[in-house]
1. Which one of Val204, Val224 is more than 9 Å from the ligand (Cβ to nearest atom), over 20 Å from Tyr70 (Cβ atoms) and of a type outside the set (Ser, Thr, Tyr)?
2. Which of the numbered conditions does Ser47 fail, given that it passes all the others? Conditions: (1) outside any loop (DSSP other than H, G, I, E, B); (2) among the polar types (S, T, N, Q); (3) closer than 30 Å to Arg130 by Cα.
3. Test Ser150 against the stated conditions and say whether it is crowded, with 23+ Cβ neighbours inside 10 Å, more than 16 Å from the ligand (Cβ to nearest atom) and in a helix (DSSP H, G or I).
4. Quick check on this structure: which one of Thr194, Thr246, Thr190, Thr256 is away from the ligand (no atom under 12 Å from the Cβ), in contact (Cβ under 8 Å) with a residue 60 or more places away in the chain and farther than 30 Å from Ser144 by Cα?
5. Take Pro64 and decide whether it is within 18 Å of the chain's Cα centre (by Cα) and in a helix (DSSP H, G or I).
6. Out of the range 153-176, which residues are among the β-branched types (Val, Ile, Thr) and either within 16 Å of the ligand (Cβ to nearest atom) or within 30 Å of Ser297 (Cα to Cα) (or both)?
7. In the range 172-218, which residues are more than 16 Å from the chain's Cα centre (by Cα) and of a type in the set (D, E, K, R)?
8. Pick from the range 235-266 the residues that are surrounded by 12 or more Cβ atoms within 10 Å (Cβ to Cβ) and of a type in the set (Val, Ile, Thr): which of them is farthest from Phe295 (Cα to Cα)?
Amino acid sequence: MGSHLSESLLADGWEVWGVDNFLTGRRENLEPLRRYPQFHFSRIDVSRRVPRAEVDVIYHLASPASPPRYQEHPLETLEVNSRGTARLLAHAAACKARMVLASTSEVYGDPEVHPQTESYWGHVNPVGPRSCYDEGKRFSEALSMAWRTSRGVDVRIARIFNTYGPRMDPEDGRVISNFFVQGWKGAPITVQGTGRQTRSFCYVSDLVRGLRALAEVDRVEGPVNLGNPDTEHSILEIAEQIREITGSRSKIVRITRGRDDPERRRPDITRARKILKWRPRVSLEEGLQLTSEYFRSVVQGTRR
Ligand code: UDP
């Protein structure tokens with residue numbers, strides 16, 4: 001996400017300071033940014049410190065986001081969503097910068113309301129395997145609101161729903177990357193549980209436009225859902241679709257489903273449409289085709 005967002009900003013003439021500690025980020029995703037002289041990069045963990053750069057806008061995307069990865073790194077996930085967010089908010093205050101916080105649909109937990117509107121408070125297990133991420137992001141939102149009301153920091157909260165596209169880590173562990181890698185390798189496609197659970201998938205370029213619109217609009221109160229409401233599918237349907245796109249003979253196999261895995265998820269984007277004049281443009285078919293090419297080159301070794 002960070003490299004795509006940076007590339008879009010650089011192409012429009014912004015000077016960009018990228019920061020990553022590479023806990024789950026990929027070094028090779030910096031390559032396309034290196035040709036821009038106005039791109040700078042620091043390998044820093046924002047839970048510990050932030051670069052001294054004077055900035056106008058902070059996009060805080062730092063955090064593991066894949067369930068297997070944040071469950072491998074629960075402390076780092078909580079750190080970056082607490083101390084990391086606090087440091088960035090303080091930096092935004094010092095620079096009088098705007099900040100966009102990348103929050104998540106996971107703040108809704110396993111939702112009892114469908115589709116999810118921003119006014120829904122969520123259904124989260126505070127001590128379950130997903131809580132480091134869910135509660136971490138909920139805390140990040142609470143902290144952002146506190147800095148906003150008590151210190152006047154202009155922070156905007158994006159609740160991001162499942163996003164996919166080229167440059168994903170093939171070992172990231174999320175559904176789209178797993179299924180493409182399995183499809184292109186001819187390995188079994190691993191559906192967790194019955195596969196009847198649903199997600200709504202947003203292509204990365206749509207999300208980049210959404211995040212930028214959120215940063216650029218004059219005024220926003222409260223969180224804004226960013227995701228694609230027209231692509232809700234069961235995981236089994238996604239498995240079948242990816243098997244077809246990759247022309248694979250992979251079998252679809254059932255494996256154990258993670259505890260507290262949300263049953264249904266689809267964003268209500270009425271607020272984003274109204275406030276940001278934003279809506280996704282890339283259909284699931286188109287997005288999966290573009291992503292398939294990327295994973296094919298990764299699996300066949302023509303790309304690192
Ligand atoms: N999933 C699956 N097989 C996989 C990876 C994920 O069936 O190899 C399912 C998982 O159980 C969940 C959905 O796909 O219901 C989305 O999982 P993902 O990890 O991509 O993201 P989440 O939306 O849960 O954060």
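Computed from the coordinates by the stated procedures, all read-outs in this text should not be read as laboratory data. Nothing here was measured: the structure is a model prediction, and the numbers come from that model. Positions of Cβ are generated from backbone atoms using ideal geometry, with glycine treated the same way; all protein chains shown enter the neighbour counts.
1. Selected residue: Val224, the only one of Val204, Val224 that is more than 9 Å from the ligand (Cβ to nearest atom), over 20 Å from Tyr70 (Cβ atoms) and of a type outside the set (Ser, Thr, Tyr).
2. (1)
3. Details: crowded, with 23+ Cβ neighbours inside 10 Å: no; more than 16 Å from the ligand (Cβ to nearest atom): yes; in a helix (DSSP H, G or I): yes.
No, not satisfied.
4. Details: Thr194 fails: away from the ligand (no atom under 12 Å from the Cβ); Thr190 fails: away from the ligand (no atom under 12 Å from the Cβ); Thr256 fails: away from the ligand (no atom under 12 Å from the Cβ).
Among Thr194, Thr246, Thr190, Thr256, only Thr246 is away from the ligand (no atom under 12 Å from the Cβ), in contact (Cβ under 8 Å) with a residue 60 or more places away in the chain and farther than 30 Å from Ser144 by Cα.
5. So Pro64 does not fit the description; no.
6. Within the range 153-176, Ile160, Thr163, Val175, Ile176 qualify.
7. Listed by number, the residues that qualify are Lys185, Arg196, Glu216, Asp218.
8. Restricting to residues being surrounded by 12 or more Cβ atoms within 10 Å (Cβ to Cβ) and of a type in the set (Val, Ile, Thr), the top hit is Val253.
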